[in-house]
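Asker: Before anything else, here's the structure in question.
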Amino acid sequence: MEEPRQSTQRDLAVSLIERHGIMRLSDLKDHGVNPATLARLVEEGVLQKPSRGLYELFGADIEAAHNLAEVAKRVPKGVICLISALQFHEITLQLPRSVWIAIGSKDRKPALDYPPLRVVRFGEKALRLGVETHTIDSVPVRIFDPAKTIVDCFRFRNTVGLDVALEALRMGWRSRKAKPDDIVRYAQALRIWSVVRPYLESVVADEG
């Protein structure tokens, strides 16, 4: 009877991962799949481990934003922010080497082997405003919307660089992905409107 049970676990594991794209070990165990079954599937080349505790189908047709899905699985309360969010929305020419993620001011800092993280702490209001949920490789990923991300880049201009914030503002305006009214609303809510205003007015005047 042991072999049918193992076979059922194998089929279950593959079926679950096909449906969800990428899964944590803890989630698979909750569905009745034991670690030994997963280890065999990895050894046989059916599954692969993109990072510790995560499983996906070997050779899966993954999206360019796959790293964001991995991070979302491991840090479910976090929100993809700043340069990683700009890249996702295609309003920057930057190619971040790490995944930028926002967490609460008192949240425990996540420790991941891979992909590398840039962790930024946001206040409660800043962490709540402008959050969208996108599905990447079947994983729901929380990402700040374009206008909120642009405002955040001005808030963290000493970290990402003022040139990055200005580039995002211009590209957001040209692509119409970031509406001026939304930028104003977020900037006022986060008390940085006095900083953003002259740059926004200049872009509107130049590009309008």
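The values are calculated or read from the model by the stated rules, or taken from the named source; none is laboratory data. Every value quoted in this text rests on a predicted model; they were computed, and no experiment measured them. In this analysis, Cβ positions are derived from the backbone assuming ideal geometry, glycine residues included, and neighbour counts consider all displayed protein chains.
Asker: Filter segment 177-199 for residues that are in a helix (DSSP H, G or I) and buried (at least 20 other Cβ atoms within 10 Å of the Cβ) and give the result.
Answerer: Of everything in segment 177-199, those that are in a helix (DSSP H, G or I) and buried (at least 20 other Cβ atoms within 10 Å of the Cβ) turn out to be Ile183, Tyr186, Ala187, Val196.
Asker: Are any residues in segment 90-101 modelled with pLDDT of 95 or more and farther than 12 Å from Cys153 by Cβ, and if so, which ones?
Answerer: Of everything in segment 90-101, just one residue is modelled with pLDDT of 95 or more and farther than 12 Å from Cys153 by Cβ, namely Ile101.
Asker: Which members of segment 102-126 meet the condition of being aromatic (Phe, Trp, Tyr) and farther than 14 Å from Asp152 by Cβ?
Answerer: Tyr114
Asker: If you don't mind, there's one more thing I want to ask. Starting from residues that are of a type in the set (A, V, I, L, M), at pLDDT 90 or above and buried (at least 21 other Cβ atoms within 10 Å of the Cβ), keep the ones in segment 128-143 and report whichever is nearest to Arg24 (Cα to Cα).
Answerer: That would be Val141.
Asker: Pairs, please: C-beta under 6 Å, at least 6 apart or cross-chain, first residue free of Cβ contacts under 8 Å to residues at least 24 places away in the same chain and in segment 90-103, second surrounded by 24 or more Cβ atoms within 10 Å (Cβ to Cβ) and not in a loop (DSSP other than H, G, I, E, B)?
Answerer: Pro96/Ile83; Pro96/Ser84; Trp100/Leu82; Trp100/Ile83; Trp100/Ser84
Asker: Okay, moving on. With the checklist (1) at pLDDT 80 or above; (2) of a type in the set (S, T, N, Q); (3) under 27 Å from the mean Cα position of the chain (by Cα) in hand, flag the one item Thr8 doesn't pass.
Answerer: Just one mismatch for Thr8, condition (3).
Asker: Could you check Asp27 against (1) part of a loop (DSSP other than H, G, I, E, B); (2) at pLDDT 80 or above; (3) under 19 Å from Lys73 (Cβ atoms) and say which number it fails?
Answerer: Asp27 satisfies all of (1) part of a loop (DSSP other than H, G, I, E, B); (2) at pLDDT 80 or above; (3) under 19 Å from Lys73 (Cβ atoms) except (1).
This table checks each residue for (1) outside the structural domain of Glu90 (by TED's automatic domain parsing); (2) in contact with a His (Cβ under 8 Å, 6 or more places away or on another chain); (3) surrounded by 13 or more Cβ atoms within 10 Å (Cβ to Cβ); (4) touching a residue at least 60 places away in the same chain (Cβ under 8 Å).
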{"position": "Asp163", "(1), (2), (3), (4)": "no, no, no, no"}
{"position": "Ala168", "(1), (2), (3), (4)": "no, no, yes, yes"}
{"position": "Met171", "(1), (2), (3), (4)": "no, no, yes, yes"}
{"position": "Ser175", "(1), (2), (3), (4)": "no, no, no, yes"}
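Asker: May I ask you to verify whether Arg19 is out of contact with any Gly (no Cβ under 7 Å at 6 or more places or on another chain), under 23 Å from His134 (Cβ atoms), assigned by TED's automatic domain parsing to the domain that holds Leu166 and basic (Lys, Arg)?
Answerer: no
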